[in-house]
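K.L.:
Please find one structure pasted underneath; my questions will follow.
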Amino acid sequence: MIDTNVMDIDKFNLWYGEKQALIEVSMNVRKNKVTALIGPSGCGKSTLIRCMNRMNDLVDGCRVEGRMSFNGQDIYDKSTDVMLLRKKIGMIFQKPNPFPMSVRDNITYGPKIHGVTKPDELDEIVERSLRQAALWDEVHDRLEHSALSLSGGQQQRLCIARTLSINPEVILMDEPTSALDPIATSKIEDLAGELQKDYTVVIVTHNMQQAARISDYTGFMYIGRMIEFDRTDKVFSKPSDELTERYITGRFG
Amino acid sequence: MKKLSADIKEMTNSITEMGELVAEVLEKSVNSLVNSDVGMAEEVIRKYDHIAFLETLIEDEALRILILYQPMASDMRFTATALKMVTYLERIGKYSKNIAKAAIYLRDRPTTYRMIDVYSMCDVAVEMVRGVVSAFENRNTDNLQNYIDMDDKLDHYRVSVIEDNVKHMRIDPTSIEAYTYYISIAKYLERVGDNACKIAEKVIYMVSGKRIEIDGAVRGL
């Protein structure tokens, strides 16, 4: 099977005011694959992932140049419907951020906004999303409980379920496990592998072993530049760039 | 990560030492055979035990590195090579021990067979073992270029040892058992060459990340 690209990023630049945070970044996101972004703090990996569904629009003085497209359509074109873009490209953050409402309402919130009203249909979405997020067995008998009563790992999977409820194509994860214990981390990692059957996953992580375990492609970033982007097995066994080698073997700075 | 660098340096030294010991033992095994030196043969057998001990020791150390550091890239390739290399070195040690045991057996059973080809095989095999150990130690594979030729040489010598001994068997059937020993020794030395080639492949992988079969594409190095 030939990999098709969901996203194409070509010579992309980003400034926060005077400061350039992304410099000539080029990479592709392959459909139904897990793509990991690694690099030291401040290298621009979170900035890059936030560009993918225009979360940076919310930052004052943020300016971009270059091309970033989703299914061939320029994400930064004036005609792009940002609401629709964020529906298609969901995002999971470092700290689980469920809404302070019931488990069920967390899941149905998005579909309701997008016009789903039939109770049967909403029930079906709740079950499907929770199953896909590997959470159904743990919460099916407490759907009316507050989401905040769940454990951290469960809350994170609930956030993933909430993203899945509106049928995204791409799921962006910004350090989704850094606030979780090893067992919850392992569940999220398994989940990322499961999700790639139906979705495309882009994950930012500080944990290199995690990137090596779960991703198909890895990009290494450093001071705003994409230093190396290649197949994960290649990057972690024989990186092409000396900087990548030094970073992943811990001989940096 | 300073600790990992130090551990890797130390393990490089341990494996180099083990490799030098293996080459020494191999050389002595054939010398003990050619000179009917039982004392030297016994020394080889004793030293093999130490080689087997080193294998376990270094393997444990490599596993410890895997657990503690989960090495990546060149560190991963080093650790993987170390793990495989000690196994191959131990086998070469084992073949040397077998040759030493044969030397003890053959001392009391003199034959008319001249061991010239066996000695030549030993020279080539020892050179191959020393070569891979130094390539590993210096992370430089330049001297591994002619390993196919050396391996071919061992195969040719082995065939010639078999032919010579079969001739001797026909002339002197009372010593058939002794001649079969020489044939076995040639086989051990040929296997030493194979194991040295396997180590060479791993060292090439360690240094360049390339997987090359020594009896295939190594010429393209």
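The values are calculated or read from the model by the stated rules, or taken from the named source; none is laboratory data. Note that the coordinates shown come from a computational prediction; the quantities given were computed from them, not determined experimentally. Cβ atoms come from the backbone with ideal geometry, glycine included; neighbour counts cover every protein chain shown.
K.L.:
Could we say that A:THR177 is in contact with a Ser or Thr (Cβ under 6 Å, 6 or more places away or on another chain) and either closer than 29 Å to B:ALA73 by Cβ or more than 14 Å from every other protein chain (Cβ to nearest Cβ) (or both) here?
P.N.:
For A:THR177, the condition - in contact with a Ser or Thr (Cβ under 6 Å, 6 or more places away or on another chain) and either closer than 29 Å to B:ALA73 by Cβ or more than 14 Å from every other protein chain (Cβ to nearest Cβ) (or both) - is met.
K.L.:
What number of residues in region A:234-253 are farther than 23 Å from A:ILE23 by Cβ and away from chain B (no Cβ under 11 Å)?
P.N.:
The number of residues fulfilling the criteria is 0.
K.L.:
Moving to a separate point now. Which number in (1) modelled with pLDDT under 95; (2) closer than 23 Å to A:VAL202 by Cβ marks the one condition that A:GLY115 misses?
P.N.:
Of (1) modelled with pLDDT under 95; (2) closer than 23 Å to A:VAL202 by Cβ, only one is false for A:GLY115: (2).
K.L.:
Do you know which residues across region B:53-64 are surrounded by fewer than 20 Cβ atoms within 10 Å (Cβ to Cβ) and either under 27 Å from A:LEU243 (Cα atoms) or within 14 Å of chain A (Cβ to nearest Cβ) (or both)?
P.N.:
B:LEU63, B:ARG64 - these are the residues of region B:53-64 that are surrounded by fewer than 20 Cβ atoms within 10 Å (Cβ to Cβ) and either under 27 Å from A:LEU243 (Cα atoms) or within 14 Å of chain A (Cβ to nearest Cβ) (or both).
K.L.:
Checking the structure you have, find out if any residue of region B:65-77 is away from chain A (no Cβ under 14 Å) and surrounded by fewer than 22 Cβ atoms within 10 Å (Cβ to Cβ).
P.N.:
No: zero hits.
K.L.:
Select from region A:64-102 the residues that are of a type in the set (A, V, I, L, M, F, W, C), surrounded by 18 or more Cβ atoms within 10 Å (Cβ to Cβ) and touching a Ser or Thr at 6+ places or on another chain (Cβ under 8 Å) and list them in ascending order.
P.N.:
A:ILE75, A:MET91, A:ILE92
K.L.:
Could I ask something else about it? Among the candidates B:VAL44, B:VAL34, B:VAL30, which residue alone is more than 14 Å from chain A (Cβ to nearest Cβ), more than 24 Å from A:TYR247 (Cβ to Cβ) and free of Cβ contacts under 8 Å to residues at least 60 places away in the same chain?
P.N.:
On inspection, the qualifying residue turns out to be B:VAL44.
Matching residues to (1) in contact (Cβ under 8 Å) with a residue 24 or more places away in the chain; (2) surrounded by 23 or more Cβ atoms within 10 Å (Cβ to Cβ); (3) not acidic (Asp, Glu):
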position	(1), (2), (3)
B:TYR157	yes, yes, yes
B:VAL161	yes, yes, yes
B:ASP164	yes, no, no
B:MET169	no, no, yes
B:ASP172	yes, no, no
B:THR180	no, no, yes
B:LEU189	yes, yes, yes
B:ILE199	yes, yes, yes
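K.L.:
Tell me which of these B:GLU59 doesn't satisfy, since it passes every other one: (1) part of a helix (DSSP H, G or I); (2) modelled with pLDDT under 95.
P.N.:
Unmet for B:GLU59, out of (1) part of a helix (DSSP H, G or I); (2) modelled with pLDDT under 95: (2).
K.L.:
Scan region B:9-28 and give yes if some residue there is more than 15 Å from the chain's Cα centre (by Cα), crowded, with 21+ Cβ neighbours inside 10 Å and part of a helix (DSSP H, G or I), otherwise no.
P.N.:
The answer is no; no qualifying residue exists.
K.L.:
Here is a check on your reading of the model: is A:THR218 in a strand (DSSP E or B), among the hydroxyl-bearing types (Ser, Thr, Tyr) and within 14 Å of chain B (Cβ to nearest Cβ)?
P.N.:
yes
K.L.:
Please specify each residue of region A:221-245 satisfying the condition of being assigned to a helix (DSSP H, G or I) and in contact (Cβ under 8 Å) with a residue 24 or more places away in the chain.
P.N.:
Once the filter is applied, which keeps residues that are assigned to a helix (DSSP H, G or I) and in contact (Cβ under 8 Å) with a residue 24 or more places away in the chain, region A:221-245 yields A:THR232, A:PHE236, A:THR244.
K.L.:
Does A:GLY224 satisfy being within 11 Å of another protein chain (Cβ to nearest Cβ) and either in contact with a Leu (Cβ under 8 Å, 6 or more places away or on another chain) or at pLDDT 95 or above (or both)?
P.N.:
Criteria not met by A:GLY224.
K.L.:
Looking only at region A:92-108, how many residues end up being under 22 Å from A:LEU195 (Cβ atoms) and touching a helix residue (DSSP H, G or I) at 6+ places or on another chain (Cβ under 7 Å)?
P.N.:
Matching residues across region A:92-108 total 10.
K.L.:
Okay, next question. Have a look at A:LEU130, A:LEU148 and point out the one that is at pLDDT 95 or above and surrounded by fewer than 21 Cβ atoms within 10 Å (Cβ to Cβ).
P.N.:
One residue alone meets the criteria, A:LEU148.
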